[in-house]
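FYI, it's all coordinate maths here, none of it is from the lab. None of the values given here were measured: they were computed from a predicted structure. Using ideal geometry, Cβ is built from the backbone for each residue, glycine included, and neighbour counts are taken over all protein chains shown.
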Protein chains: 2
Amino acid sequence: MDVQSETVPRDARHRVERTRARARYDRDTVHAILDAGMLAHVAFSVGGQPFVIPMLYARDGKTIVLHGSIASRLMDELADGVPACIGVTHLDGLVLARSHFDHSVNYRSVVVFGRARAVLDADEKASALSRFVDALIPGRAAESRAADRTELAATQVLRLAIEDASAKIRSGGVKDNPADLALPYWAGVVPMRTRYAMPQPEADLADAALPASVRRLLAADEAAA
Amino acid sequence: MDVQSETVPRDARHRVERTRARARYDRDTVHAILDAGMLAHVAFSVGGQPFVIPMLYARDGKTIVLHGSIASRLMDELADGVPACIGVTHLDGLVLARSHFDHSVNYRSVVVFGRARAVLDADEKASALSRFVDALIPGRAAESRAADRTELAATQVLRLAIEDASAKIRSGGVKDNPADLALPYWAGVVPMRTRYAMPQPEADLADAALPASVRRLLAADEAAA
């Protein structure tokens, strides 16, 4: 099933077995979690041996764009259209409970199922690379040179249609056992997130102004603090 | 092969096919990357369908400890000792090049291969849970109540012996094509890392002092800024 439907039917593959309260299936939630990240862990099997590979990605509508070297054996396996599963997870906080058992983390995660296909058309490949650069920082593709024919030939671009997807979210405070509330232990949440530090320009650009994409990124990072 | 050896032999499974310069196989590198994280993406197949699950983990010597609910179907599959593959990745910076093609990220990643087994002994389970809490914040296990028999019975603890492992690291600056250096585009690295924000104590602890583990975490976070 496609996450196009507002609520994705619960087949055996993507149903979240545990902690149903944390499971979300609506498309907007899935897409928002995907769009908040750039790193995916892509799993597939070759001859019964599972592999998981960290890959940069970009969502494009109801597909996920991945890329790698044309010479990668594992990319070739993926491009063959074997069943794949992609995980994207953001950690939002440490949940420190009064008991070991109730320790947890706040997080947002998505698991996507689908099959990849190689993108062969040069224009579509160039467009996918551009989208991929903008997934690192919005607006960056326009501030750098698009791929030429040689570069496109050296790049394997894969597009995976999202067949099934599910999201899980934990947020909020500690859920201690009531019997533990009188224990002499501190409990609370320590929020965490990815933050950016001062850019390090290449040596010949030490005095150059930062580009708009980086200035927006740093401003947004600061504003969220 | 085991990462116990200083250099892990390059069999077909864990050899890093591409960008050999980024590949590291020594045990200390693998362990340091694992110890810097708490979130793993665990991949395995059930009936030919790959799954990837985000899980908290802790390294314990040459094993990785995972845990979940005793009622989880996927935990049961993993506990059956099927081949598993675990990915742990830290993003360290955005690498913004003058061309789309040379955009990248700085990162440290580890891929581990092995098979999990369920930990059944109550003492070993309790000890694994304690190690797991300390993986969230060092020293935290001593600041909270250890698991009781009911909680241990409700918790599935898995221990995966690291059979193969490989690490990949990219660090440093932009690697632009020399022909692009004259282009009128900014290039550089924007460092990124996980940072912690002000702790949010449970309501009844608003005036309580922060525990030592949290104070150390925040101090280390600040010192690295």
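Some notes on this structure:
- Viscosity 0.890 mPa s, 25 °C: Kirkwood-radius Stokes-Einstein D of the stretch B:116-157 over Cα pairs, µm²/s: 232
- Cα lying deepest toward the dipole's positive end in the stretch B:20-176, options B:I64, B:A36, B:F132, charges on Cβ: B:A36
- Rounded to whole Hz, the Karplus (6.51, -1.76, 1.60) HN-Hα couplings of the stretch A:114-122, x for glycine and proline: x, 10, 8, 9, 6, 8, 9, 5, 4
- Taking the square roots of 5 times each eigenvalue of the Cα gyration tensor of the stretch B:46-177, largest first, gives ellipsoid semi-axes of 34, 19, 12 Å.
- Overall dimensions of the stretch B:103-225, expressed as equivalent-ellipsoid semi-axes from the Cα gyration tensor (√(5λ), whole Å, largest first), are 40, 26, 10.
- With helices as the sole contributors, the protein assembly as shown gives -6000 deg cm²/dmol at 222 nm; each DSSP H run of n ≥ 4 counts as -39500 (n - 2.57), and the sum is divided by every residue.
- Hull-based mean projected area of the protein assembly as shown, where the convex hull spans the alpha carbons, in square nanometres: 21.7
- Extent along principal axes [Cα atoms of chain B; Å; largest to smallest]: 67, 51, 33
- Given +1 at the Cβ of Lys and Arg, -1 at the Cβ of Asp and Glu and no other charges, the dipole of chain A around its Cα centre is 720 debye to the nearest 20.
- What separates the Cα centres of the stretch B:112-159 and the stretch A:21-87 is a distance of 30 Å.
- Charge tally in the Cβ shell below 14 Å around A:K125, where Lys, Arg are +1 and Asp, Glu are -1, A:K125 excluded: -2
- Cβ-defined net charge surrounding B:V88, 12 Å radius [Lys, Arg +1; Asp, Glu -1]: +2
- Cross-link reach is defined here as a Cα-Cα straight distance under 27 Å, omitting same-chain residues fewer than 8 places apart; for A:K175 the lysines meeting it are B:K125.
- Cα-centre dipole for the protein assembly as shown with unit charges at Cβ (Lys and Arg positive, Asp and Glu negative), debye to 20: 300
- Over all other residues within a Cβ to Cβ distance under 11 Å of A:F44, the charged ones net out to -1, with Lys and Arg as +1 and Asp and Glu as -1.
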